[in-house]
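Presented below is the structure to which this report refers.
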Amino acid sequence: MKISGKLAGLAIDFESRQALLTIAARIDPERIRKYSGTEIDIEIAAHKEKRSLSANAYFHVLCGKISQAVKRSQSYVKNQMIAGYGQPEIIDGELVYIKTQIPVDQMMEQESLHCQHCGTEMQGSMAVQWYRVYRGSHTYDTTEMAMLIDGTIGEAQALGIETLTPEQIDRMLAAYHRNYEKKQKEGKEET
């Protein structure tokens, strides 16, 4: 159980030399009474307001709204947006393509693989599909995420869907940038 509150008092038990904390918590006392006299773990940290909507989460919200407007699944719309405004997967300097017998409608419903149909090839009597593979939006740097958000916002607005104001989007992308830079720095320190 995680609770929020204020440190209302601090005393020292002179016999045991332990800190005695009084916490004014925003919780029904009956929910916590069962812990009385038992060993518990406590973590104290400054309260932080919940983060506002992240850029990646906002992208998914917009995809949900677009999917309702065009009456397609959110996975389908997400794949369309990533293929239109996202970043291709590149390995060893080469764009990644896959060849499969999976039909286009089924492939566009994939949640963990983002791709764009590139063409159909007949191999004997069998139709084989070619797809260009795209990276998931969670891997994007600040510039890449801004391009994805801008394109998706344009698509939403063209459908009459209300979007955040430019100022709200700028703040959201600035927060994404700070978080991205922090992750990059942490990643470099680990290696």
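The values are calculated or read from the model by the stated rules, or taken from the named source; none is laboratory data. Being a predicted model, the structure only gives us computed values, none of them experimental. Please note: Cβ atoms are built from the backbone with ideal geometry, for glycine as well, and neighbour counts cover all protein chains shown.
Looking at Leu95, Leu62, Leu21, Leu113, just one residue is more than 30 Å from Ile153 (Cα to Cα) and not β-branched (Val, Ile, Thr), and that residue is Leu21.
Within region 66-106, the set of residues being of a type in the set (A, V, I, L, M, F, W, C), exposed (fewer than 14 other Cβ atoms within 10 Å of the Cβ) and either outside the structural domain of Gln157 (by TED's automatic domain parsing) or without any contact (Cβ under 8 Å) to a residue 40 or more places away in the chain (or both) comprises Ile90, Ile91, Leu95, Val104.
Condition check ((1) among the aliphatic types (A, V, I, L, M); (2) outside any helix (DSSP H, G or I); (3) in the same structural domain as Asn79 (by TED's automatic domain parsing)) across all residues:
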{"position": "Leu148", "(1), (2), (3)": "yes, no, yes"}
{"position": "Gln157", "(1), (2), (3)": "no, no, yes"}
{"position": "Ile161", "(1), (2), (3)": "yes, yes, yes"}
{"position": "Leu173", "(1), (2), (3)": "yes, no, yes"}
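Restricting region 134-184 to residues that are among the charged types (D, E, K, R) and exposed (fewer than 10 other Cβ atoms within 10 Å of the Cβ), the residue that is nearest to Ala69 (Cα to Cα) is Glu162.
Among the residues here, Thr142 qualifies as under 26 Å from Tyr176 (Cα atoms) and touching a residue at least 24 places away in the same chain (Cβ under 8 Å). Of the residues making up region 107-138, those that are assigned to a strand (DSSP E or B), charged (D, E, K, R) and free of Cβ contacts under 8 Å to residues at least 40 places away in the same chain number 1. Here Asn56 meets the list (1) assigned to a strand (DSSP E or B); (2) modelled with pLDDT under 95 almost entirely, failing just condition (1).
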